[in-house]
Amino acid sequence: MANTMFTFNEIHQQPAMWRKELEKLLAAKAEISAFMHKYLTPDTDIILTGAGTSAFIGDALQPVMRGMWHNVRSVATTDIITHAKYLLNPDKPLLLVSFARSGNSPESVGAVNLANKLCKNVAHVYITCNKNGKLALQAEGKDNILLLLLPEETDDKSLAMTSSFSTMLLTCLMLGHIDTLDKDQEMIEKTAKNAEAVIAEYEDKLKEIAGRPFERGVFLGSGALKGIAEECHLKLQELTDGAVVCKFDSFLGFRHGPKAVVNSKSIVVYLMTEQEDVQRYERDLVKQVDANNTPVAQIIVIAGKAPELPGVKADLVVRMPFGPAENDFYGIVAYVLVGQLLGYYASLAHGLNPDAPSVSGNIHRVVEGVTIYE
């Protein structure tokens, strides 16, 4: 049955999509580099924007993109629509990087229109999966718009964004390294191989855990992995139509009240870094949660060697064998596979169709019912 479902295929195709997108960017490297050098100055405000899952791309990118670009921040289109006059500086040059699976959501188009209206000097990068979307069509013939169309297969047909999320995320990371992208191919290949290892080695165990009786899901990450945790929490929640209510946080932030959600009907997923100065805080939190609670399952995910956690009762340690290289920002992308697979199999366990899990019709593939006011 799984092979007839879009969601299953869209999760499993991701490593192939990443390799395909790398080739596309390498082929257009000169054009892309020229655009970025023209519009990216030390004075440029850079805003990473999108709605829902597309906004989480910016949240994951912001901590790592600061090392590549100046003045970069993540601001959801849904915030720009309501508070543009507080979030956009009309007197500074703006580079608005828009992430959009379909390119048709009212907020995506509305945020671009507001930026054009309010800012004197604005350029755009559209990272989108749909060549026929409003954003993609709007880019035609515009010198101040760089359109990065992802492989057609990433325009996910299912409700939940999977390959669209990860490939847009990876695309922006590659964009930040466009001048040296040739040298980054090995790191990107390791990321793809890590994702393939998660599927090959851990999918069956994640399926088993997803079938256990739990009502809450918690995903924790530090830095860029907090943004990945944010996306994972939404995947499990929306693919179970809200039957599993989820939270995300940083490891340190989770101590300050949110830890109260962990009980015997929860699963907790720790997305752990290999950076020792950060991981020491993460290990402390894992040990504390383990000592004080008996959740349905605890899952540790790491790219590299497993952390030393004596006495901790982890139900699964997902170890990505190709690990992160030094200064490898691409490695964060493969972590999202764990949240996607948990969501997919939990959806099936709840008797839902992962392609269209919203029985109530509360959520749609492209958001509905939004009016953009002048």
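Just so you know, in the range 1-52 the residues that are of a type in the set (D, E) and over 14 Å from P151 (Cα atoms) include one that is nearest to the chain's Cα centre (by Cα), and it is D45. Among strands (runs of 3 or more DSSP E) entirely within the range 239-326, having at least 2 residues that are more than 19 Å from the chain's Cα centre (by Cα) singles out 266-272, 297-303, 316-320. The residues listed here are A30, A51; of these, the one that is over 19 Å from V112 (Cα atoms), among the hydrophobic types (A, V, I, L, M, F, W, C) and either exposed (fewer than 15 other Cβ atoms within 10 Å of the Cβ) or in contact (Cβ under 8 Å) with a residue 24 or more places away in the chain (or both) is A30.
Flag not set for D91, criterion: among the acidic types (D, E), assigned by TED's automatic domain parsing to the domain that holds M161, free of Cβ contacts under 8 Å to residues at least 60 places away in the same chain and assigned to a helix (DSSP H, G or I). In the range 17-31, which residues are of a type in the set (A, V, I, L, M) and either closer than 21 Å to F165 by Cα or not assigned by TED's automatic domain parsing to the domain that holds L169 (or both)? Of everything in the range 17-31, those that are of a type in the set (A, V, I, L, M) and either closer than 21 Å to F165 by Cα or not assigned by TED's automatic domain parsing to the domain that holds L169 (or both) turn out to be M17, L22, L25, L26.
Out of A192, A197, A224, one residue alone is in the same structural domain as A297 (by TED's automatic domain parsing) and over 16 Å from the mean Cα position of the chain (by Cα). It is A197. Scan the range 313-348 for residues that are touching a helix residue (DSSP H, G or I) at 6+ places or on another chain (Cβ under 7 Å) and either among the hydroxyl-bearing types (S, T, Y) or more than 14 Å from Q237 (Cβ to Cβ) (or both) and the total you get is 24. Considering the range 119-131, and only residues there that are part of a loop (DSSP other than H, G, I, E, B) and touching a residue at least 24 places away in the same chain (Cβ under 8 Å), the residue that is surrounded by the fewest Cβ atoms within 10 Å (Cβ to Cβ) turns out to be K120. Checked against (1) within 14 Å of L225 (Cα to Cα); (2) at pLDDT 95 or above, P63 passes all but condition (2). You will find that of K20, K38, K29, the residue that is at pLDDT 95 or above and either of a type in the set (D, E) or under 29 Å from A229 (Cβ atoms) (or both) is K20 and no other. S164 satisfies every condition listed in (1) within 16 Å of I372 (Cβ to Cβ); (2) touching a Cys at 6+ places or on another chain (Cβ under 7 Å) except (1).
The selection criterion, being assigned by TED's automatic domain parsing to the domain that holds Y335, of a type in the set (D, E, K, R) and touching a Phe, Trp or Tyr at 6+ places or on another chain (Cβ under 9 Å), holds for E230. Report yes if some residue within the range 169-187 is in contact (Cβ under 8 Å) with a residue 60 or more places away in the chain, out of contact with any Ser or Thr (no Cβ under 9 Å at 6 or more places or on another chain) and assigned to a loop (DSSP other than H, G, I, E, B); otherwise report no. Yes, the conditions are met somewhere in the range 169-187.
For N116, the stated conditions hold: it is within 16 Å of I47 (Cα to Cα) and either in contact (Cβ under 8 Å) with a residue 12 or more places away in the chain or of a type outside the set (V, I, T) (or both). Could you tell me which of the residues I81, I46, I57, I32 is at negative phi, outside any helix (DSSP H, G or I) and of a type in the set (V, I, T)? Being at negative phi, outside any helix (DSSP H, G or I) and of a type in the set (V, I, T) holds for just one of I81, I46, I57, I32, which is I46.
The values are calculated or read from the model by the stated rules, or taken from the named source; none is laboratory data. What you see is a predicted model, and the numbers here were worked out from it, not measured in a lab. Note that we place each Cβ from the backbone using ideal geometry, even for glycine, and neighbour counts take in every protein chain shown.
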